[in-house]
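See below for the structure under consideration.
The values are calculated or read from the model by the stated rules, or taken from the named source; none is laboratory data. Here the structure is a predicted model, which means the values were calculated and not measured. As a convention, Cβ positions derive from the backbone with ideal geometry for all residues, glycine included, and neighbour counts pool all protein chains shown. Remember, those area values only see protein heavy atoms, side chains included, never the ligands or the DNA or RNA. Shrake-Rupley method; radii C 1.70, N 1.55, O 1.52, S 1.80 Å.
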Amino acid sequence: MNAPVEKDIALPHFRLRAQVWGKADAPPLLALHGWLDNAGSFAHLAPLLADRWQVIALDLSGHGHSDHLPPGMHYHFLDYVHAVLAAVDALALTRYRLLGHSLGAGIAALVAAAVPDGVERLLLIEGIGPVGDNGRQTLHRFRSGFTVTPASARALRLFPSIDLAIGARTVASGLPPEQARPIVERGLRKVEGGWQWRSDPRLNRTSPIRLAEGQIHALLHGIESPTALLLATPETPYLPEAQMQARADCVEQIAVSHMDGGHHLHLEHPEAVAAWASAHLEDNIESPAPSL
């Protein structure tokens, strides 16, 4: 498996890191990971695409090796969109392909809506747009977002070994150890007595405001690039099929495919996802996803 190159991306107020696979003169494919993941999420998929593309997998702010936000600031969804666009400018990308998983898929969709002239192809795995708000929990979520509980301020857990950290991630997420390893290894830092998570604990805080579903639909209507959406079968509980289809219907040029597996399809079935991605990164947007 090809080893990635580490890259620093200096933004005006903080620094992002990225892992890069492929040649510098290859067409760029910017990859965005899911919540509490990092660029290691693409460790199995990116090498399979690197013969044709330069895969640039970002660590989003607060994740992996990227900087945490300054004290007093919080992680809001639209700020990730700003950060990705700032990274695009710092990398001098004028036209690029965009791949996102879960949280990263939500961010990627809004980036494509914000700058339709920049995104040539949009590939989404297990997500299209951010988590929405149906109004039922708006006030409760708003109040919770401004409340810091003792649990959210507790000290970071110390792991005597990387394998124990992988076990904890497996228990928390259901991700098998062999799939969790590249994310966990990148997500740890060595400290006295063992290992601790690099990710900012503030990522676990409730967001006080979410976009309403109608607002999300309006933004998705702004996506102009050919788009492919890959969803797991059976459906992920927080990505109900009816909602995903209603969102997909907002995008004029979209191909929706399904693949047997869990939420991290690109770690579980990297070869099959690479075949799906390769087909949709080119002009043949109607190519079906490979069956498993």
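Annotations
- Strands (runs of 3 or more DSSP E) within the stretch 1-68 that include 3 or more residues open to solvent by less than 70 Å² (accessible area, probe 1.4 Å) and closer than 16 Å to H101 by Cα: 28-32, 54-59
- Hits in the stretch 157-208 (condition: aliphatic (A, V, I, L, M), more than 20 Å from the chain's Cα centre (by Cα) and open to solvent by 60 Å² or more (accessible area, probe 1.4 Å)): L158, L164, V171
- Test result for L267, in contact with a Cys (Cβ under 7 Å, 6 or more places away or on another chain), open to solvent by less than 50 Å² (accessible area, probe 1.4 Å), at pLDDT 95 or above and not basic (K, R): no
- The listed residue being in contact (Cβ under 8 Å) with a residue 24 or more places away in the chain, small (G, A, S) and more than 21 Å from I125 (Cβ to Cβ), out of A10, A57: A10
- Residues located in the stretch 240-261, provided they are part of a loop (DSSP other than H, G, I, E, B) and open to solvent by 70 Å² or more (accessible area, probe 1.4 Å): D249, E252, Q253
- Scanning the stretch 209-239 for residues that are open to solvent by 90 Å² or more (accessible area, probe 1.4 Å) and either over 18 Å from the mean Cα position of the chain (by Cα) or free of Cβ contacts under 8 Å to residues at least 12 places away in the same chain (or both) turns up I209, Q215, H221, E224, P234, E235, P237.
- Residues satisfying the stated conditions in the stretch 195-239, i.e. small (G, A, S), within 24 Å of A43 (Cα to Cα) and not in a loop (DSSP other than H, G, I, E, B): A228, A232
Okay, residues lined up against (1) at positive phi; (2) surrounded by 15 or more Cβ atoms within 10 Å (Cβ to Cβ); (3) in contact with a strand residue (DSSP E or B) (Cβ under 7 Å, 6 or more places away or on another chain):
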position	(1), (2), (3)
L91	no, yes, yes
L99	no, yes, yes
A113	no, yes, no
D117	no, no, no
L123	no, yes, yes
L139	no, no, no
